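Here's the structure we're looking at; comments come further down.
The values are calculated or read from the model by the stated rules, or taken from the named source; none is laboratory data. Note that the structure is a prediction, hence the values are computed from the model and not measured. Positions of Cβ are generated from backbone atoms using ideal geometry, with glycine treated the same way; all protein chains shown enter the neighbour counts. Side chains included, ligands, DNA and RNA excluded: accessible areas come from the protein's heavy atoms. Shrake-Rupley method; radii C 1.70, N 1.55, O 1.52, S 1.80 Å.
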Amino acid sequence: MRIGYPCVNIGIGCTSARTFRLRSWSPERFRSTVRENLACLSRTLGFNIDHGLLFFRITSDLIPFASHPVNDLDWQGEFAGDFMEIGDLIRGSGMRISMHPDQFTLINSPDEGVAVRSVRELEYHAAVLDAMDMDATAKIQVHVGGVYGDRESAMGRFLDRYRDLSPAIRRRLVIENDDRLYTLADCCALSRDCGVPVLFDTLHHECNSSGEETAAALALCARTWRGTDGTPMTDYSSQEGGARRGAHARTIDLAHFGAFLAASHPHDTDIMLEIKDKEKSAILALAAAKTDPRLAP
């Protein structure tokens, strides 16, 4: 079991998600931004390794405009050495990484333009992980998408589009239950039809449950993961008090997290803390889990 946090370390003074406006595009601006982003990613990973945080979600903004037609540069080739150094750092530490495209990545959209742009975005994410020479345990997670007034058709469209994806994407893609539209049971039904692994999101399950308790939910998800996929992944958060339903907590509720750890036994899972204070809560969670026999050494 690994514990980590997504995208940004709020304490080290840099971000790997620097970008710029499309109207400011130039090859020089692009290259300098990518260099800064990759350097900050290396710093972030070094911090995580030093603190035992061995699960990290790389920001989708690492390579600005990577899937946009304006960008015809061979960024994988130009930065190949940087990517390989980062990959070596990840592998040498036993860390696991993932990525999560934004909410506009909707492969089941009835709008063909949206679907095509979504596939391009997935191709970009797969290219980043391939450039780092990550194996198939480095995942790209997405939501199933919209319902668009007809759930059966929307799920059928997901299956059709999934089967048309390149092997480079399919080997990495996982789906997660969401807080409004697609329950864990819906995701598992799609998995039975196409083999896509299912990531368990605890807060979304609290908001939009198909009835399973934590251990049963993790067991259902585990059955969708193959050996080459690695340990099943979980997104963990608790509800922020006084905020809209489904809002992630600002800082970790250690009692709630402890109850999740207890309820999740005996299933092993890598835990991504979707908590707003990022590494601060991840360090507290790691300390809270220190006696858990599942914890990675």
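What accessible area per residue, rounded to a whole number of Å², is obtained for the stretch 47-103 using a probe radius of 1.4 Å?
On a per-residue basis, 41 Å².
Within 11 Å, Cβ to Cβ, of LEU218, how many net charges do the neighbouring residues add up to if Lys/Arg are +1 and Asp/Glu are -1?
-2
If each residue of separation counts as 0.36 nm, what is the full-extension length gain between ALA247 and LYS280 once their alpha-carbon separation is subtracted?
Once the chain is fully extended between ALA247 and LYS280, it gains 10.1 nm.
Roll a 1.4 angstrom probe over the protein heavy atoms and tell me the percent of accessible area of the stretch 194-282 that is carbon or sulfur.
Solvent-exposed carbon and sulfur of the stretch 194-282 make up 54 percent of the total.
For the chain, take every pair of Cα atoms, bin their distances at 10 Å starting from 0, and report each bin as a whole percent.
Here the calculated profile for the chain is 6, 28, 36, 24, 6, 0.
Between LEU159 and ALA216, what's the calculated FRET efficiency when r is the beta-carbon distance and R0 is 25 Å? Round to 0.05.
That pair, LEU159 with ALA216, gives E of 0.50.
Counting only heavy atoms of the protein chains, get the accessible area per residue of the stretch 131-287 (1.4 Å probe) and round it to a whole Å² value.
Using a 1.4 Å probe on heavy atoms only, each residue of the stretch 131-287 averages 40 Å².
Classify the stretch 177-297 as rounded, prolate or oblate, taking a ≥ b ≥ c as the square roots of the eigenvalues of its Cα gyration tensor: rounded when a/c is under 1.5, otherwise prolate if a/b is larger than b/c and oblate if not.
Here the stretch 177-297 falls in the oblate category.
Which are the unpartnered cysteines of the chain, meaning those with no other cysteine Cβ under 4.7 Å from their Cβ?
Cysteines lacking a close Cβ partner in the chain: CYS7, CYS187, CYS188, CYS194, CYS207, CYS221.
Could you work out the Kirkwood radius for the stretch 125-208, taking every pair of different alpha carbons, averaging 1/r and inverting it, reported in Å?
Roughly 13.4 Å, rounded to one decimal.
For the chain, what relative contact order do you get, as a whole percent, if you take Cα pairs closer than 8 Å and at least 6 residues apart?
Value for the chain: 19 percent.
By the gyration tensor of its Cα atoms, with a ≥ b ≥ c the square roots of the eigenvalues, what is the shape of the stretch 19-137: rounded for a/c under 1.5, prolate for a/b over b/c, or oblate?
In terms of gyration-tensor shape, oblate.
Using label points projected 7 Å from each Cα along Cα→Cβ, tell me how many nm separate ASP88 and ARG35, to one decimal.
Computed distance between label sites ASP88 and ARG35 equals 2.0 nm.
Any chance you could run the full-extension gain for ASP111 through LEU254? It's 0.36 nm times the residue separation minus the Cα-Cα distance, nm to one decimal.
So the chain would gain 47.2 nm between ASP111 and LEU254.
Using Cα pairs closer than 8 Å and at least 6 residues apart in sequence, work out the relative contact order for the stretch 23-135, in percent.
30
Taking the alpha-carbon distance from LYS290 and a cut-off under 21 Å, which lysines remain once sequence neighbours fewer than 8 residues away in the same chain are dropped?
The qualifying lysines are LYS278, LYS280.
For the stretch 1-105, what % of the accessible area comes from carbon and sulfur atoms, probe 1.4 Å?
Taking all protein chains in place, the stretch 1-105 shows 49 percent carbon and sulfur surface.
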